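Here's the structure we're looking at; comments come further down.
The values are calculated or read from the model by the stated rules, or taken from the named source; none is laboratory data. Quick caveat, the model's predicted, so the values are computed rather than measured. Don't worry about glycine lacking a Cβ; one is built from the backbone with ideal geometry, like all the others, and counts go over all protein chains shown. Accessible surface areas use protein heavy atoms only, side chains included; no ligands, DNA or RNA. Shrake-Rupley method; radii C 1.70, N 1.55, O 1.52, S 1.80 Å.
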Amino acid sequence: MYLDSTQKEEIFEKFGQGKKDTGSAESQIALFTHRISHLTEHMKLNRKDHSTERALTGLVGKRRALLNYLKARDINRYRAIVKALGLRK
């Protein structure tokens with residue numbers, strides 16, 4: 001599997017409050033970003049995989065919704081996570 005529990009804990013520890021912080025917006029955005037990059041690489045090789053394309057579109061929408069939420073609540077946290085992940089906005 002491309003993402004095991006140790007990698008998830010690593011992501012949550014880097015972007016969240018700790019390795020058990022799975023619910024904060026920053027950690028969820030970081031996890032979605034990792035999954036999006038993995039699916040994007042898959043789509044480059046398998047252009048006709050429509051189910052993966054649909055899943056990728058859903059993940060992008062979920063990440064966008066979390067980013068909008070974070071932008072409305074705390075602009076400094078939003079700017080920090082966008083800069084840390086290198087997202088365009």
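Would you be able to say whether some residue in segment 47-67 is out of contact with any helix residue (DSSP H, G or I) (no Cβ under 8 Å at 6 or more places or on another chain) and acidic (Asp, Glu)?
No, that holds for no residue.
Quick one: which of 26, 41, 13 is of a type in the set (D, E, K, R) and open to solvent by less than 30 Å² (accessible area, probe 1.4 Å)?
26
Evaluate the following for residue 82: is it in contact (Cβ under 8 Å) with a residue 12 or more places away in the chain and out of contact with any helix residue (DSSP H, G or I) (no Cβ under 7 Å at 6 or more places or on another chain)?
The answer is yes for residue 82.
Take the residues of segment 38-48 that are in a helix (DSSP H, G or I) and farther than 18 Å from residue 6 by Cβ: which is farthest from the chain's Cα centre (by Cα)?
45
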